[in-house]
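What follows is one structure encoded as structure tokens, with my remarks underneath.
Here, each number is a calculation from the coordinates, and none is a lab measurement. Owing to the predicted nature of the structure, the values given are computational and were not obtained by experimental measurement. FYI the Cβ positions are ideal-geometry reconstructions off the backbone, even for glycines, and counts take in every protein chain you see.
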Amino acid sequence: MKLILSFLFLLLLHASPQEPSKPADDKPAADSKSSSEAAKLVNPVKPTPNSLAIGKKAYTSDCAMCHGKDGAGAGELAVTMNLKLRDYRDPASLKDLTDGEIYSIIADGKGQMTGEAGRMKPGQMWDVVNYIRSLSKK
Ligand code: HEC
């Protein structure tokens, strides 16, 4: 019983928002959202052909230079920057991330990756989530 209570307490601690809500024009800041908060975001956009087409367009212009046209992670900029990236053609590479977590990484960036928040609209970022998920299904 005691164990369960302390577990619940820990859960509560994690669930409580640690930061004030950010203004709409937030600057890309690495890992600014706690991952528990991000993981809970639900993808409001169905992976329709239209969503995938918009996602592909945005991916090709903003992501492919690092993650590669096909998602293999060998884009020109990644080679120049000497980045070691995952291969999104492999279903294992994104399986531990929820759509919400992927969305937050696209929005806020991570490590040497700059976030797109402010440049891309939320709907477009969800389209990109749908698109990179689709790369492993080909
Ligand atoms: C400058 C090169 C660069 C660009 C451009 C870039 N990324 Fe990244 N991306 C990275 C790096 C480096 C990481 C690994 C960050 C880390 O774990 O420290 C990463 C991580 C990720 C992750 C987390 C999963 C993983 O592979 O580790 C996702 C998802 C992702 N990027 C998607 C995108 C999308 C979508 C775009 C375009 C909107 C994009 N990236 C643009 C370099 C880039």
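Quick notes on this structure:
- Cα gyration tensor shape for region 46-138, rounded if a/c is under 1.5, else prolate or oblate: rounded
- With 19 Å as the limit on Cα-Cα distance, the pairs of LYS56/LYS84; LYS57/LYS121; LYS46/LYS121 that go past it are LYS56/LYS84.
- Modelled label positions at THR114 and SER35, each set 7 Å beyond Cα in the direction of Cβ, lie 2.6 nm from each other.
- Between ASP87 and LYS46, the modelled label-to-label distance comes to 3.3 nm, taking each label 7 Å out from Cα in the direction of the beta carbon.
- Label sites at ALA72 and LYS137, each approximated as a point 7 angstrom past Cα along Cα to Cβ, lie 2.3 nm apart.
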